[in-house]
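First up is the structure itself, then whatever we jot down about it.
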Amino acid sequence: MVSARRSFQGVLPIAALPRLGEALAGTEGTAQYELDFGRDEFGTAYLAVRVQAPLTLTCQRTLEPFVLPVTVDSQLGLIRSEREESALPPGFEPLLVADDGKLNLADVIEDELLLALPLVPVNPDSQLPEEVVGPAPEENSSEGRSDNPFAVLRELKKR
C-alpha cells in the first residue's frame, strides 16, 4: 500500500470499536476517516490518518453525557522494530507494523481516537449545579458600601 500510495476513506460505526466503546458514555454515531499511505522525501513509509467523530462522553463536572466532536490528524511513521523509531523525522509518531507487514486499519483508527480523548472530559457548556456552588450572591447596594472587605471594620471603628 505504501509503494502504491493507496488511500482509503469511509465511515466506521463507533459501536464497531469495542475498546473505544468502553471509554464512552454511548456508542452512537459514526467515524469518518481518510487514510493515506506513502513515502516522504526521505523515503520514510508513513500513514496519514484523519478522523472526525462525535463521541459521547460523561462530563466530569455534571456527570451528564455530552457529545464531543473529535478531530484527529496524525502522521504515523511505519516501523518494523523499536530501534527504527529514532530514525523517524520530526512530526511522525511511530506505528509498529507486524513482521508480515499487515495492519488492521480499524485498530489504527480506534487507537488514534482513544489517544484523542480528553483525560478529564468536561462539557464546555456545563455549569456546576446550584447545590454545589450555593446560591448566587445578591447585590447589596444599601448605604453605599464598597466591596472592600475592611469596610465593615471601618464602620465598627467609627462607633
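The values are calculated or read from the model by the stated rules, or taken from the named source; none is laboratory data. Computed from a predicted model, the values in this text were never measured in an experiment. As a convention, Cβ positions derive from the backbone with ideal geometry for all residues, glycine included, and neighbour counts pool all protein chains shown.
Exactly one residue among PRO149, PRO129, PRO137 is modelled with pLDDT under 80, at negative phi, surrounded by 10 or more Cβ atoms within 10 Å (Cβ to Cβ) and not charged (D, E, K, R), and that residue is PRO129. Looking across region 23-39 at every residue that is in a loop (DSSP other than H, G, I, E, B) and at negative phi, the one that is surrounded by the most Cβ atoms within 10 Å (Cβ to Cβ) is identified as LEU24.
As a summary of the residue check, GLU84 satisfies the conditions (1) surrounded by 14 or more Cβ atoms within 10 Å (Cβ to Cβ); (2) at pLDDT 95 or above; (3) in a helix (DSSP H, G or I) except for the one numbered (2).
Of the listed requirements (1) surrounded by fewer than 17 Cβ atoms within 10 Å (Cβ to Cβ); (2) under 20 Å from VAL11 (Cα atoms); (3) touching a residue at least 24 places away in the same chain (Cβ under 8 Å); (4) in contact with a strand residue (DSSP E or B) (Cβ under 6 Å, 6 or more places away or on another chain), ALA106 misses just one: (4).
Check region 7-22 and report whether any residue there is closer than 20 Å to VAL122 by Cβ, under 20 Å from the mean Cα position of the chain (by Cα) and surrounded by 14 or more Cβ atoms within 10 Å (Cβ to Cβ). Yes, some residue in region 7-22 is closer than 20 Å to VAL122 by Cβ, under 20 Å from the mean Cα position of the chain (by Cα) and surrounded by 14 or more Cβ atoms within 10 Å (Cβ to Cβ).
Does PHE42 qualify as being farther than 22 Å from GLY10 by Cβ, in contact (Cβ under 8 Å) with a residue 40 or more places away in the chain and either in a strand (DSSP E or B) or under 13 Å from the mean Cα position of the chain (by Cα) (or both)? When the stated conditions are applied, PHE42 does not pass them. Regarding LEU55, is this residue within 27 Å of GLN127 (Cα to Cα) and either in contact with a helix residue (DSSP H, G or I) (Cβ under 8 Å, 6 or more places away or on another chain) or in a strand (DSSP E or B) (or both)? Yes: the conditions hold for LEU55.
If the condition is being part of a loop (DSSP other than H, G, I, E, B) and either among the hydrophobic types (A, V, I, L, M, F, W, C) or in contact with a Leu (Cβ under 8 Å, 6 or more places away or on another chain) (or both), then region 87-106 contributes LEU88, PHE92, VAL97, ALA98, LEU103.
Considering only region 15-50, state which residues are closer than 12 Å to GLN75 by Cα, β-branched (Val, Ile, Thr) and either modelled with pLDDT of 95 or more or out of contact with any Leu (no Cβ under 9 Å at 6 or more places or on another chain) (or both). Hit for region 15-50 is VAL49, nothing else.
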